[in-house]
Amino acid sequence: MILRLAASSGFCFGVRRAIQMALDASKDSDVVFSTGELIHNPQFVQELEEQGIKVAHDAKDIHDSTVIIRSHGITREDLTLLQAHGNTIIDATCPYVSRTHELIQTAINEDYEVIILGDARHPEVIGMMSYGNQHTRVIAPGEIPTDLKGKRVCLISQTTQKIENLNKLACDILPQVLELKVYNSICLATTQRQNASAALAKDSDLMIVIGGRKSSNTKMLASLCSQYCETLHIETEEELKAETLLGKARIGLCAGASTPEDRILKVYNKIKKINGEEDLATRIHNIPLFKEESC
């Protein structure tokens, strides 16, 4: 069995930064609240809870406390509410996400109608919407707006979308509008992760995508890999069954931006054990990384 890991797997810069800021804050406070789950990984969120970093689901319930804004960001209204309630606020919003807030406000000030490519239910997109106005809307991948004739439109993307989706929507919109401004707000780590995972999937019999089921970028990886080979999306190694690996000579692993390294390591070692191998990895750096020239 050939077992390889896609490059760029695991925590991205924004997630790693948010976790470190939360852990640092917890050293000075008995309890630190995060505005929703700090990252979309339920097992890791539980570990953070045990270290005093508690999930708060509604900003109005937090008063006179230390609050960390998660990497996805929050709405402008929730930020105002947290400030009004006397909280000490630690802003761990990913810089890529913060940039979308600024770009949307600029576009509104310049009288563009803003369209956001993304998942309207995702907290990142909900936060982005709050910086728009009554004309700002969300378009899901594959949807085509048809009411833009003669308008000046600004197109911006959720940071974890595929660049192909942004390209397609821009091409669908352009013939309808008077003017189109497009911002490539997809983060570099997302693009690198998707490219590496797709390349590995093309060279594998089975791809195992590791990460939370609520994680937008992890679901995107699973969807992408499934275009090239059989794909399994799991959260933990406990979901792996020996029968799933039968007849699979080349297995690829990849992981979302909110997947801790130890989760990747546990999945890798579980596969090795199922295959009867004893050379288990003790560090993620021990896992063979896929390169396009691999044969």
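Under the condition of being over 17 Å from T191 (Cβ atoms) and assigned to a loop (DSSP other than H, G, I, E, B), the residues counted in region 147-159 number 5. Within region 96-146, the residues that satisfy the criterion of being small (G, A, S) and not in a helix (DSSP H, G or I) are G118, A120, S130, G132, A140, G142. In region 51-63, the residues that are under 12 Å from A84 (Cα atoms) form Cβ pairs under 6 Å with partners that are charged (D, E, K, R), at six or more places apart or across chains, as follows: A59/D78. Only one entry in S26, S34 is crowded, with 19+ Cβ neighbours inside 10 Å and free of Cβ contacts under 8 Å to residues at least 60 places away in the same chain, namely S34.
Matching residues to (1) of a type in the set (V, I, T); (2) assigned to a loop (DSSP other than H, G, I, E, B); (3) free of Cβ contacts under 8 Å to residues at least 24 places away in the same chain; (4) within 16 Å of A199 (Cα to Cα):
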residue: I251; (1), (2), (3), (4): yes, no, no, yes
residue: C254; (1), (2), (3), (4): no, no, no, yes
residue: T259; (1), (2), (3), (4): yes, yes, no, no
residue: K266; (1), (2), (3), (4): no, no, no, no
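Within region 168-193, being closer than 23 Å to H122 by Cβ and out of contact with any strand residue (DSSP E or B) (no Cβ under 9 Å at 6 or more places or on another chain) holds for K168, D172, C187, L188, A189, T190, T191, Q192.
When Q134 is tested against the conditions (1) touching a helix residue (DSSP H, G or I) at 6+ places or on another chain (Cβ under 9 Å); (2) polar (S, T, N, Q); (3) free of Cβ contacts under 8 Å to residues at least 12 places away in the same chain, the lone failure is (1).
Report yes if K168 is farther than 26 Å from L38 by Cβ and in contact with a helix residue (DSSP H, G or I) (Cβ under 8 Å, 6 or more places away or on another chain), otherwise no. No: the conditions fail for K168.
Being crowded, with 17+ Cβ neighbours inside 10 Å, farther than 16 Å from T160 by Cα and β-branched (V, I, T) narrows it down to one of V55, V114, so name that one. The unique qualifying residue is V114.
Identify all residues within region 1-58 that are charged (D, E, K, R), over 21 Å from T190 (Cα atoms) and in a strand (DSSP E or B); write none if there are none. Listed by number, the list holds a single entry, K54. Restricting region 51-106 to residues that are of a type in the set (K, R) and modelled with pLDDT of 95 or more leaves a set whose member that is farthest from V32 (Cα to Cα) is R99. Considering only region 194-214, how many residues are outside any helix (DSSP H, G or I), of a type outside the set (A, V, I, L, M, F, W, C), in contact with a strand residue (DSSP E or B) (Cβ under 8 Å, 6 or more places away or on another chain) and touching a residue at least 24 places away in the same chain (Cβ under 8 Å)? Of the residues in region 194-214, 4 are outside any helix (DSSP H, G or I), of a type outside the set (A, V, I, L, M, F, W, C), in contact with a strand residue (DSSP E or B) (Cβ under 8 Å, 6 or more places away or on another chain) and touching a residue at least 24 places away in the same chain (Cβ under 8 Å).
Table: residues versus (1) of a type in the set (V, I, T); (2) in contact with a Lys or Arg (Cβ under 9 Å, 6 or more places away or on another chain).
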residue	(1), (2)
G36	no, yes
I39	yes, yes
G52	no, no
A59	no, no
S71	no, yes
L81	no, yes
N87	no, no
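I want to confirm something. Restricting to region 1-11 and keeping residues that are crowded, with 16+ Cβ neighbours inside 10 Å and either more than 23 Å from E50 (Cα to Cα) or among the aromatic types (F, W, Y) (or both), which single residue is farthest from the chain's Cα centre (by Cα)? That would be L3. Residues considered: K168, K181. Of these, the only one that is part of a strand (DSSP E or B) and over 30 Å from I53 (Cα atoms) is K181. The set of residues in region 220-242 being surrounded by 15 or more Cβ atoms within 10 Å (Cβ to Cβ), part of a helix (DSSP H, G or I) and of a type in the set (A, V, I, L, M, F, W, C) consists of M220, L221, A222, L224, C225.
Taking the criterion of being in a helix (DSSP H, G or I) and in contact with a Phe, Trp or Tyr (Cβ under 9 Å, 6 or more places away or on another chain), the only residue of region 77-95 that qualifies is P95.
The values are calculated or read from the model by the stated rules, or taken from the named source; none is laboratory data. Because the structure is a prediction, the values reported are computed rather than measured. Cβ atoms come from the backbone with ideal geometry, glycine included; neighbour counts cover every protein chain shown.
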